[in-house]
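Asker: Dropping the structure in here first, questions after.
The values are calculated or read from the model by the stated rules, or taken from the named source; none is laboratory data. Treat the numbers as computed from the prediction; the structure is a model and nothing was measured. Here Cβ is always computed from backbone atoms with ideal geometry, including for glycine, and neighbour counts include all displayed protein chains.
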Amino acid sequence: MNSQSFLSKVKDFLINDKKEIPRGFLKNLKNKKFQIIKTHKNNTSLVYMIKEDIFRKFSTNKLGIKKIKDESQGIKWYQKKSRPPFHFLKKTVIKSKYGFIDTKKISGVKKKSWRPLRENYPFLLQAFRHYKKIFKGEKKTKIHGDLTLDNIFFSRKKVVFFDWEFFGSNKKHYGYDLAYLFLSAIILPTLAGKKISKEDEIYFIKLWRILINEKISKKIIKDPFSFYITTIKKDKVLNEGYKISKKKFFPFLIQKKIKNEINKLIKSAIC
């Protein structure tokens, strides 16, 4: 795709949003070859810039620019916590009418979040160990806010959490993201039409007992669905994300039957 078609698509995007095209923004896109990356509706767009071998997330929307800024701060925070150090943020530009971040391509694979929990279990354990290294010793901490397997890269040498657009949320109890990840691992496959097998149930109980051993907040342990729905609605940043894209947060999408089934598993884990 050539730079002209790129600018045409950007122009269409801006016209549809009834905004003027900031000259500084277009200057940063001029003569760039790219691929559009499909994402959730969230006031930002993402492209892979082929020659530069980087991903650029950008926005000309006020809320989108705020997300870009928050994500940049989140990545910087995460990079400082990572051991061994791992840096993938290349550039941040925040202006009054537009903003973008450039991140380098991360080596590794993303596991499919809609695959059965029994298949993803080993990778969830890897994510757990990485989480402990990043968030260790903090009773209340900044959060990722949407940690599912869709936002994690796995390789032989490292695990990487990415997509930190909700970093501007209020601090939460230790384990907020971890419990969200474990819960997503059993729920997202059901949203794709898969049934929870007996093996999936066994692995979920094991994961939930990890949370208990980590002394995660009892509010999360005992009734995670009510906890996340209430927390997301009360948090300004998370609630804005929910209003923009109702499908962004899975706790709002689960069927009552599945919820009851998972609550039974949680009770078994607690006993």
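Asker: Quick check on this structure: which one of I15, I54 is more than 17 Å from the chain's Cα centre (by Cα) and at pLDDT 90 or above?
Answerer: Checking each option against the conditions leaves just I54.
Asker: Filter the range 220-240 down to the residues that are free of Cβ contacts under 8 Å to residues at least 60 places away in the same chain and part of a loop (DSSP other than H, G, I, E, B) and list them by number.
Answerer: Answer for the range 220-240, where residues must be free of Cβ contacts under 8 Å to residues at least 60 places away in the same chain and part of a loop (DSSP other than H, G, I, E, B): just D223.
Asker: Quick one: which residue in K264, K172 is of a type in the set (D, E, K, R), at pLDDT 95 or above and within 28 Å of K136 (Cα to Cα)?
Answerer: K172
Asker: Across the range 53-72, what is the number of residues that are crowded, with 16+ Cβ neighbours inside 10 Å and either in contact with a His (Cβ under 7 Å, 6 or more places away or on another chain) or not hydrophobic (A, V, I, L, M, F, W, C) (or both)?
Answerer: Number of matching residues: 12.
Asker: Identify, please: which residue in the range 128-148 is part of a helix (DSSP H, G or I) and out of contact with any strand residue (DSSP E or B) (no Cβ under 6 Å at 6 or more places or on another chain) and is, among those, surrounded by the fewest Cβ atoms within 10 Å (Cβ to Cβ)?
Answerer: If we take residues in the range 128-148 being part of a helix (DSSP H, G or I) and out of contact with any strand residue (DSSP E or B) (no Cβ under 6 Å at 6 or more places or on another chain), then R129 is surrounded by the fewest Cβ atoms within 10 Å (Cβ to Cβ).
Asker: Which of the residues that make up the range 98-122 are crowded, with 21+ Cβ neighbours inside 10 Å, more than 18 Å from the chain's Cα centre (by Cα) and of a type outside the set (G, A, S)?
Answerer: Y98, L117
Asker: Now, a different point. Exactly one condition in (1) crowded, with 18+ Cβ neighbours inside 10 Å; (2) under 21 Å from Y180 (Cβ atoms); (3) not β-branched (V, I, T) is false for L125; which is it?
Answerer: (1)
Asker: Select, from K233, K219, K215, the only residue that is closer than 21 Å to K139 by Cβ, touching a helix residue (DSSP H, G or I) at 6+ places or on another chain (Cβ under 6 Å) and surrounded by fewer than 17 Cβ atoms within 10 Å (Cβ to Cβ).
Answerer: The conditions single out K219.
Asker: Among the candidates K206, K257, K243, which residue alone is modelled with pLDDT under 95, assigned to a helix (DSSP H, G or I) and not assigned by TED's automatic domain parsing to the domain that holds G64?
Answerer: Going through K206, K257, K243 in turn, the sole match is K243.
Asker: Something else: Do we find a residue being in a strand (DSSP E or B), surrounded by fewer than 22 Cβ atoms within 10 Å (Cβ to Cβ) and out of contact with any His (no Cβ under 9 Å at 6 or more places or on another chain) anywhere in the range 157-168?
Answerer: No, that holds for no residue.
Asker: If you go through the range 51-90 one residue at a time, how many are more than 12 Å from W164 (Cα to Cα) and in contact with a helix residue (DSSP H, G or I) (Cβ under 8 Å, 6 or more places away or on another chain)?
Answerer: Summing the residues that are more than 12 Å from W164 (Cα to Cα) and in contact with a helix residue (DSSP H, G or I) (Cβ under 8 Å, 6 or more places away or on another chain) in the range 51-90 gives 11.
Asker: Separate question: Could you check, for the range 106-127, whether at least one of its residues is of a type in the set (F, W, Y) and at pLDDT below 95?
Answerer: no
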